[in-house]
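Input: a single structure, listed below in structure tokens.
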Amino acid sequence: MMTKEQILQWLEQFADAIAQNKEYLTQLDAAIGDADHGINMDRGFQKVASQLPKLAEQDISSVLKTVSITLISSVGGASGPLYGTFFLRASTAVAGKQELSNEDLASLLQAGLDGVLQRGKAQLGDKTMIDALSPAVTAFTQAIGQGKTTSEAIQQATAAAEQGMQATIPMLAKKGRASYLGDRSIDHQDPGATSVYLMLKSLSEVLGMTSD
């Protein structure tokens, strides 16, 4: 089970993780993109963090929808629309809820993934955020199917995201700005996959601090 308070803590933790890794994400993006992923994501999530105190009385769906609107309006490049779509679809999957069962959280993650797939038109192996997000969602769903706790399932999802992130290094980019580089996109870790890993790691840390 995951409470609304944990959702708010997760978003705050993710904003902190982006701030701490802003330079790193920008360095990754400098190699194969516009060198702005860290800067853009930090701008968006600092605005998200500033909104969180006002959202304490809202249900989880409303919180996630506000995150989506904030990101779409404040994050440049591809990241704003993609992360905005993730949180918007996630919000519709948990309409009216004050807490989430494992199945609710699985639906949230799957809806977010489906939204990003539809918006970005990328597939596994294209060297994008999908390469971390898709295996993470699969791992979470499998873990709860095996009767794992929310915290254990998110730990497995985070590990899958990390593996997916690292797997982008030898890939040839087929989507986005990086695809223009052709073979020069090989041997670089995808920044979008990296920020997805940070998102799930933040969730894992919050759930690890509190009981299921």
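The values are calculated or read from the model by the stated rules, or taken from the named source; none is laboratory data. It should be emphasised that the depicted structure is a prediction, and the values quoted were computed from it without experimental measurement. Cβ sites come from the backbone with ideal geometry, for glycine too, and all protein chains shown count toward neighbours.
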(1) free of Cβ contacts under 8 Å to residues at least 40 places away in the same chain; (2) closer than 18 Å to residue 201 by Cα; (3) out of contact with any helix residue (DSSP H, G or I) (no Cβ under 7 Å at 6 or more places or on another chain): which one isn't true of residue 149, the others all being true?
(1)
Which numbered condition trips up residue 3, out of (1) surrounded by fewer than 17 Cβ atoms within 10 Å (Cβ to Cβ); (2) among the polar types (S, T, N, Q); (3) closer than 15 Å to residue 202 by Cβ?
(3)
Considering the range 66-78, residues that are surrounded by 19 or more Cβ atoms within 10 Å (Cβ to Cβ) and either in contact (Cβ under 8 Å) with a residue 24 or more places away in the chain or of a type in the set (A, V, I, L, M, F, W, C) (or both), and then whichever is nearest to residue 5 (Cα to Cα), we arrive at 67
Test of understanding: among 203, 181, which residue is modelled with pLDDT under 95 and either in contact with a Lys or Arg (Cβ under 6 Å, 6 or more places away or on another chain) or within 21 Å of residue 38 (Cβ to Cβ) (or both)?
181
So, in the range 20-36, how many residues would count as being in contact with a Gly (Cβ under 9 Å, 6 or more places away or on another chain) and part of a helix (DSSP H, G or I)?
9
Note down all Cβ pairs under 7 Å where the first residue falls in the range 19-38 and is in contact (Cβ under 8 Å) with a residue 40 or more places away in the chain, the second is basic (Lys, Arg), and they're at least six residues apart or on different chains.
33/177; 34/177; 38/22
Scanning the range 74-131 residue by residue, those of a type in the set (D, E, K, R) and more than 21 Å from residue 51 (Cα to Cα) turn out to be 103, 104, 114, 119, 121, 126, 127, 131
In the set 126, 131, which member is crowded, with 23+ Cβ neighbours inside 10 Å and more than 27 Å from residue 1 (Cβ to Cβ)?
131
For the range 109-118, which positions are in contact (Cβ under 8 Å) with a residue 24 or more places away in the chain and crowded, with 17+ Cβ neighbours inside 10 Å?
109, 110, 112, 113, 115, 116
Take residue 143 and decide whether it is buried (at least 20 other Cβ atoms within 10 Å of the Cβ), among the aliphatic types (A, V, I, L, M) and either farther than 30 Å from residue 31 by Cα or within 13 Å of the chain's Cα centre (by Cα) (or both).
yes
For the range 37-50, does any single residue satisfy the condition of being more than 18 Å from residue 202 (Cβ to Cβ), crowded, with 16+ Cβ neighbours inside 10 Å and more than 15 Å from the chain's Cα centre (by Cα)?
yes
Within the range 137-182, the count of residues that are in contact with a Leu (Cβ under 8 Å, 6 or more places away or on another chain), closer than 14 Å to residue 196 by Cα and among the aliphatic types (A, V, I, L, M) comes to 4
Which of the residues spanning the range 52-84 are over 17 Å from the mean Cα position of the chain (by Cα), closer than 22 Å to residue 105 by Cα and of a type in the set (S, T, N, Q)?
58, 62
